[in-house]
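Engineer: Provided herewith is a single structure, encoded as structure tokens, for subsequent inquiry.
The values are calculated or read from the model by the stated rules, or taken from the named source; none is laboratory data. Since this is a predicted model, take the numbers as computed values, not measurements. Cβ sites come from the backbone with ideal geometry, for glycine too, and all protein chains shown count toward neighbours. Side chains included, ligands, DNA and RNA excluded: accessible areas come from the protein's heavy atoms. Shrake-Rupley method; radii C 1.70, N 1.55, O 1.52, S 1.80 Å.
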Amino acid sequence: MNWHRRLSVRNQAQSGRLAHELSQRDELYKDFIVAASKTYGDAMLTSEPQMQDLVALYSMISRMRVLSSERTVACAQKVVEETVDTYFAPNKTIGELCELVQSGAGIDPLKEFTEAAREELRAFISQ
């Protein structure tokens, strides 16, 4: 095999690994966003944490520690901390939730995480 062909095969293998890692991060972030949104919504309406949901979020954060930047992990951790704090705050009524949505205040604990994840994925793609 000539050196051009070996270089091409090596580049293809590296591209495949990078695509796989990008896909892993993307899927992990999507899963975290869905699970964290559900758990946060539950926390606004009840004072009884669902331990399996919180454990699942911490599991995803542990996987992020392997794959993700420190900023992304810190933002994910902040989402979980805010969710736990919300369980211990007074429950919201449907009317209060409607007001929060209309005002945009205190309803999007995932904003900073999604921005960090988006920046990380963009930086990863541009490597």
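Engineer: Applying the selection to region 102-118, what residues are open to solvent by less than 100 Å² (accessible area, probe 1.4 Å) and on the phi < 0 side of the Ramachandran plot?
Structural biologist: SER103, ALA105, ILE107, ASP108, PRO109, LEU110, GLU112, PHE113, THR114, GLU115, ALA116, ALA117
Engineer: Does region 51-59 include one or more residues that are free of Cβ contacts under 8 Å to residues at least 60 places away in the same chain, farther than 29 Å from GLU96 by Cβ and open to solvent by 70 Å² or more (accessible area, probe 1.4 Å)?
Structural biologist: Scanning region 51-59, I find no residue that is free of Cβ contacts under 8 Å to residues at least 60 places away in the same chain, farther than 29 Å from GLU96 by Cβ and open to solvent by 70 Å² or more (accessible area, probe 1.4 Å), so the answer is no.
Engineer: Which condition number does VAL80 fail, the rest of (1) open to solvent by 80 Å² or more (accessible area, probe 1.4 Å); (2) assigned to a helix (DSSP H, G or I) being met?
Structural biologist: (1)
Engineer: Quick one: what pairs do we get from region 18-47, first residue open to solvent by 70 Å² or more (accessible area, probe 1.4 Å), second basic (Lys, Arg) and at pLDDT 90 or above, C-beta under 9 Å, 6+ apart or different chains?
Structural biologist: GLN24/ARG63
Engineer: Here is a further query. For region 107-127, name all the residues that are touching a Ser or Thr at 6+ places or on another chain (Cβ under 6 Å) and among the acidic types (Asp, Glu).
Structural biologist: The one that is touching a Ser or Thr at 6+ places or on another chain (Cβ under 6 Å) and among the acidic types (Asp, Glu): GLU120.
Engineer: Pairs needed: first member in region 102-127, β-branched (Val, Ile, Thr); second member anywhere, open to solvent by 60 Å² or more (accessible area, probe 1.4 Å); C-beta distance under 6 Å; at least 6 residues apart or different chains.
Structural biologist: Pairs found: ILE107/VAL101.
Engineer: Are any residues in region 61-72 in contact with a helix residue (DSSP H, G or I) (Cβ under 7 Å, 6 or more places away or on another chain), assigned to a helix (DSSP H, G or I) and open to solvent by 20 Å² or more (accessible area, probe 1.4 Å), and if so, which ones?
Structural biologist: ARG63, ARG65, LEU67, ARG71 - these are the residues of region 61-72 that are in contact with a helix residue (DSSP H, G or I) (Cβ under 7 Å, 6 or more places away or on another chain), assigned to a helix (DSSP H, G or I) and open to solvent by 20 Å² or more (accessible area, probe 1.4 Å).
Engineer: In region 96-115, what count of residues is obtained for those that are among the hydrophobic types (A, V, I, L, M, F, W, C) and assigned to a helix (DSSP H, G or I)?
Structural biologist: Total meeting the criteria: 5.
Engineer: Let me ask something else. Across region 1-53, what is the total count of residues that are within 28 Å of GLU70 (Cβ to Cβ) and at pLDDT below 70?
Structural biologist: 1
Engineer: Can you find a residue in region 88-95 that is under 12 Å from PHE32 (Cβ atoms), modelled with pLDDT under 95 and in a helix (DSSP H, G or I)?
Structural biologist: No; the residues of region 88-95 include none that is under 12 Å from PHE32 (Cβ atoms), modelled with pLDDT under 95 and in a helix (DSSP H, G or I).
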